Amino acid sequence: GHSAGVIAKDAVEVAREQVASLLHCDSKEIVFTSGATESNNMAIKGTWFYHGAKKPHYITSATEHKCVTESARWIQSQ
């Protein structure tokens, strides 16, 4: 394999295990994202998809980050 890629992958896995240890959870539950937009979309849309037919209720405000209001609008359109 590509040695730099393997080193990077191993470093991310060590970090994932360290974070999981601090949070007392399984390392498989730790997800690293590229930033706030990806994280917000994953959290908001992820809970919507997870709950299936029993959809959660969301409340947002005009002061939310644009990615939050866009995710809310997408859910509303569904």
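The values are calculated or read from the model by the stated rules, or taken from the named source; none is laboratory data. Given the structure is predicted, the values throughout are model-derived calculations rather than measurements. With ideal geometry, Cβ positions are generated from the backbone for all residues, glycine too; neighbour counts draw on all protein chains shown. Side chains are part of the model used for accessible areas, which takes the heavy atoms of the whole protein and leaves out ligands, DNA and RNA. Shrake-Rupley method; radii C 1.70, N 1.55, O 1.52, S 1.80 Å.
Brief remarks on what is shown
- Rg to Rh quotient for the range 33-77, alpha carbon positions, Kirkwood Rh: 0.96
- Hydrophobic long helices, here whole DSSP H runs in the chain with Kyte-Doolittle means of at least 0.5 and Cα atoms spread over 15 Å or more along the helix axis, are found at 3-23.
- Taking only protein heavy atoms and a 1.4 Å probe, the accessible area of the chain is 58% carbon and sulfur.
- Evaluated over the chain, the count of Lys pairs having alpha-carbon atoms less than 20 Å apart is 5 (only pairs 8 or more residues apart or interchain).
- Residues residue 32 and residue 74, FRET efficiency given R0 of 22 Å [Cβ-Cβ distance, rounded to 0.05]: 0.40
- Accessible surface, the chain, averaged per residue in Å² (probe 1.4 Å): 79 Å²
- In this structure residue 49 has an accessible area near 130 Å², from a 1.4 Å probe over the protein heavy atoms.
- Percent breakdown of C-alpha pair distances by 10 Å bin, ordered from the shortest bin, for the chain: 16, 33, 29, 18, 4
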